[in-house]
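Visitor: Sharing a structure below in structure tokens format, with a few things to ask.
The values are calculated or read from the model by the stated rules, or taken from the named source; none is laboratory data. Here the structure is a predicted model, which is why all the values come from computation and not from measurement. Cβ: placed from backbone, ideal geometry, glycine included. Neighbour counts: every protein chain shown. Keep in mind that these areas ignore ligands, DNA and RNA; they rest on the heavy atoms of the full protein, side chains included. Shrake-Rupley method; radii C 1.70, N 1.55, O 1.52, S 1.80 Å.
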Amino acid sequence: MWLLLDDDEAPLAECTDVDGLFADLPPRPRERFTLVGCAPEGALRERGRLGDLALTSPPSWFEFLGDVAVLAHRPSAAVPGTVDVDLDGFVHVYDRTDAVVRPGGVTEFVLEGGAGEAYGTCRDVVGVFREQAPPPVPRVRLRGCRPFAVGRRIRAEVHHIRADGSITRLVDATVSGTVESAQDDVVVASDPREPLPTGLLEILQQWYLGRPTERNLWAGYDRDLRHHWAGVALANPPGTPDRPPGATYDLDGRFVTDVEGFYCAIGEAVNGPGGYFGWNLDALDDCFGGNFGARPPFRLVWHDSAVAREHLVPGYDHRRLAPAVTFGYLLELLVAHRVDVELR
């Protein structure tokens, strides 16, 4: 069911199962931070929701905090004449186990909002910098594969073997670490990395016999699994050339209740069931350049567009740690790429 390829894309192992690759973690808890010796400006002077906060140190160092709330201000004992500002939110890391390294020689941090708003300066920050955390799942067990030498370091991209023997890469699926034992199964002491959600296994099962033949199989999933559905679609391109400019595509908007649903829906509008046409804004922009099934200018008939109009509204996106992608923004983006949108 699984094939592991090394960095040179050479087969490393074929396994019947990879225990520990999939696991459901609890939601990431909010973190506490303190801006020490702060001279706050703008919204940072008030308690309440702030949104995004960038810590910068010219010329090139920066770190982002997302979904930030200002909790309290108090006179700073470390830097008289300034205040310490207590915050909570999230460090914007790709993986929750990632380290955040303190820059050397910095005596002051410049504070900015997500849109570049000036929020003042601070002398130090507590709670942001940390060592790499241990892996949430400490060991991965490779079942039904040939043994490896104990102590060997491995790093492999995981591929899904389908019923017809074809293989497709599983996006963001990596087994890396040190072989700890190799008796009945191969046990790898994992490097720090978050596992993939178990719901992805159900998605892969729907692709096991080949590309889906029914639209909207993604519709019953939550936002995270809709994102992973689009990732599976990305790894399974239809292999057909772009339709010529001027073509018309029908987008089924009944289930576009979030931006992930939009990516799934436009993928199927362009490329049919299980189709891909972007899974984030940058990827969507790439798709408009061609080689993903459609080439602008083209016409997009957006059916049941009222669903997206109701749900894709201004605000803060707590999942993406960014301002929400709105219905209006998507329309502007489509028009900017020479897509003639008809709303129904």
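Visitor: Would you mind listing the helices (runs of 4 or more DSSP H) fully within segment 234-344 where at least 2 residues are farther than 30 Å from residue 69 by Cβ and not small (Gly, Ala, Ser)?
Guide: 259-271, 281-287, 327-336
Visitor: Suppose we filter segment 92-137 for residues that are over 27 Å from the mean Cα position of the chain (by Cα) and acidic (Asp, Glu); how many remain?
Guide: Summing the residues that are over 27 Å from the mean Cα position of the chain (by Cα) and acidic (Asp, Glu) in segment 92-137 gives 2.
Visitor: Among (1) open to solvent by 10 Å² or more (accessible area, probe 1.4 Å); (2) under 20 Å from the mean Cα position of the chain (by Cα), there is one condition residue 275 misses while meeting the rest; what is its number?
Guide: With (1) open to solvent by 10 Å² or more (accessible area, probe 1.4 Å); (2) under 20 Å from the mean Cα position of the chain (by Cα) applied to residue 275, the lone miss is (1).
Visitor: While we're on this one: Specify the residue that is nearest to residue 131 (Cα to Cα); the eligible residues are those in segment 87-105 that are open to solvent by less than 40 Å² (accessible area, probe 1.4 Å) and hydrophobic (A, V, I, L, M, F, W, C).
Guide: 100
Visitor: When the residues of segment 237-255 are filtered to those that are of a type in the set (A, V, I, L, M, F, W, C) and in contact with a strand residue (DSSP E or B) (Cβ under 9 Å, 6 or more places away or on another chain), which remaining residue is farthest from residue 334 (Cα to Cα)?
Guide: That would be 247.
Here's the yes/no breakdown for (1) modelled with pLDDT under 95; (2) open to solvent by less than 70 Å² (accessible area, probe 1.4 Å); (3) part of a strand (DSSP E or B):
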| residue | (1), (2), (3) |
| --- | --- |
| 115 | yes, no, no |
| 128 | no, yes, no |
| 132 | no, no, no |
| 145 | yes, yes, no |
| 149 | yes, yes, no |
| 163 | yes, yes, no |
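Visitor: Let me ask something else. Identify the residue in segment 235-272 that is among the acidic types (Asp, Glu) and open to solvent by less than 30 Å² (accessible area, probe 1.4 Å) and, among all such residues, is nearest to the chain's Cα centre (by Cα).
Guide: By that ranking, first place goes to 260.
Visitor: Please name all residue pairs, on different chains or six or more residues apart, with Cβ atoms under 9 Å, provided the first residue is in segment 120-146 and is on the phi < 0 side of the Ramachandran plot and the second residue is open to solvent by 70 Å² or more (accessible area, probe 1.4 Å) and not in a loop (DSSP other than H, G, I, E, B).
Guide: As it stands, the answer is 126/32; 139/180; 145/14; 146/14, since those pairs meet every condition given.
Visitor: I would also like to ask the following. Hey, any hits in segment 331-344 for a residue that's charged (D, E, K, R), open to solvent by less than 70 Å² (accessible area, probe 1.4 Å), touching a Leu at 6+ places or on another chain (Cβ under 9 Å) and touching a residue at least 24 places away in the same chain (Cβ under 8 Å)?
Guide: For segment 331-344, residues charged (D, E, K, R), open to solvent by less than 70 Å² (accessible area, probe 1.4 Å), touching a Leu at 6+ places or on another chain (Cβ under 9 Å) and touching a residue at least 24 places away in the same chain (Cβ under 8 Å): present.
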